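Report on one structure; see the data block that follows.
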Amino acid sequence: MEQLPLISLIAILAGFSLAALFAVLEALFPGRLRDIRRQVDRRPGRSFLIGLVNFLFFGALSLGFIALTENVWRFFFIPAVIIVAALSISLALGLSAVAGLVGARLFPEHSRFQQTLRGSLLWAIACLVPYIGWFGLLGYTTLVGFGGLILGRFSRPDPE
């Protein structure tokens, strides 16, 4: 219990760091994040399933390469690092889009930057709720964002 203030401080700083990361990603990749948000908004169930399947596949692939580095060849460490890095970047882009979507739905009158900041702060706070936020909301939004990224990248654009 004596470490509770330190843990709280780390959680608050992590929330602000994520908000800053998501805002920077919004500034650097506005078109990509718009495509991801559109897919997540229109097809959340399909985004979740595609995100889950691909996350399990690439996670198992990276774990397989890591296992090969321990027992067989050190060469397989390079593909494992590349897969984990690409997966991390993809998850960050997907979560940024989901946070922007939360902000757009809750604060439609604000600018895109403010929507992303406010949405990511609210998302981070909501993910701090024990069990439901840790495992339910965080896992769901991560997989939905990842699936939205894949759908936005590899599906045909919708006519508007």
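The values are calculated or read from the model by the stated rules, or taken from the named source; none is laboratory data. No experiment lies behind these values; they were computed from the predicted model shown. Positions of Cβ are backbone-derived with ideal geometry, glycine not excepted, and every protein chain shown enters the neighbour counts. Calculation scope for accessible area: heavy atoms of the full protein, side chains included, ligands and nucleic acids excluded. Shrake-Rupley method; radii C 1.70, N 1.55, O 1.52, S 1.80 Å.
Say we look at the stretch 128-156 and pick out the residues that are without any contact (Cβ under 8 Å) to a residue 12 or more places away in the chain and part of a loop (DSSP other than H, G, I, E, B); which of these is nearest to residue 94 (Cα to Cα)?
Within the stretch 128-156, the match that is nearest to residue 94 (Cα to Cα) is 156.
Go through the stretch 49-105 and report how many residues are hydrophobic (A, V, I, L, M, F, W, C), in a helix (DSSP H, G or I) and exposed (fewer than 13 other Cβ atoms within 10 Å of the Cβ).
Residues meeting the conditions: 10.
With respect to residue 25, is the statement that it is within 23 Å of residue 149 (Cα to Cα), touching a Pro at 6+ places or on another chain (Cβ under 9 Å) and of a type in the set (A, V, I, L, M) true?
no
I'm trying to understand the selection: among the residues of the stretch 106-119, which are among the aliphatic types (A, V, I, L, M) and either modelled with pLDDT of 95 or more or surrounded by fewer than 22 Cβ atoms within 10 Å (Cβ to Cβ) (or both)?
Matches in the stretch 106-119: 106 only.
The conditions are (1) among the acidic types (Asp, Glu); (2) open to solvent by 70 Å² or more (accessible area, probe 1.4 Å); (3) assigned to a helix (DSSP H, G or I), and residue 35 fails exactly one of them. Which is it?
(2)
Just give me the residues in the stretch 1-45 being at pLDDT below 90 and polar (S, T, N, Q), in sequence order.
Of everything in the stretch 1-45, those that are at pLDDT below 90 and polar (S, T, N, Q) turn out to be 3, 8.
Are any of the residues in the stretch 9-19 within 15 Å of the chain's Cα centre (by Cα), within 13 Å of residue 115 (Cα to Cα) and open to solvent by less than 80 Å² (accessible area, probe 1.4 Å)?
So far as the stretch 9-19 goes, yes, one or more of its residues are within 15 Å of the chain's Cα centre (by Cα), within 13 Å of residue 115 (Cα to Cα) and open to solvent by less than 80 Å² (accessible area, probe 1.4 Å).
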